[in-house]
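Notes for the one structure printed next.
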């Protein structure tokens with residue numbers, strides 16, 4: 001194989017690796033942003049109040065007879 005062919009193959013491999021790394025970094029960045037958004041959403045909402053509003057009849061009475 002000639003030097004020019006090896007050089008082109010090496011450059012193509014390096015380009016593919018660089019593209020893969022950039023895609024992976026972008027994916028990690030997006031996942032981090034989504035995680036922060038979910039964390040903010042969970043902290044800003046009162047889960048028990050939402051559940052009670054959706055199903056107000058649950059948890060109001062306890063049946064102690066067996």
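Structure values in brief
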quantity	calculated
Residue in the range 28-40 that is more than 13 Å from the chain's Cα centre (by Cα) and surrounded by 10 or more Cβ atoms within 10 Å (Cβ to Cβ) present	yes
Extreme residue, surrounded by the most Cβ atoms within 10 Å (Cβ to Cβ), among residues of the range 45-66 that are modelled with pLDDT under 75 and in a helix (DSSP H, G or I)	52
Residue match in the range 4-21 (condition: over 17 Å from the mean Cα position of the chain (by Cα) and either within 30 Å of residue 60 (Cβ to Cβ) or loosely packed, with under 10 Cβ neighbours inside 10 Å (or both))	yes
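The values are calculated or read from the model by the stated rules, or taken from the named source; none is laboratory data. Source: prediction; values computed, not measured. Note that each Cβ is placed from the backbone with ideal geometry, even for glycine, and that neighbours are counted across all protein chains shown.
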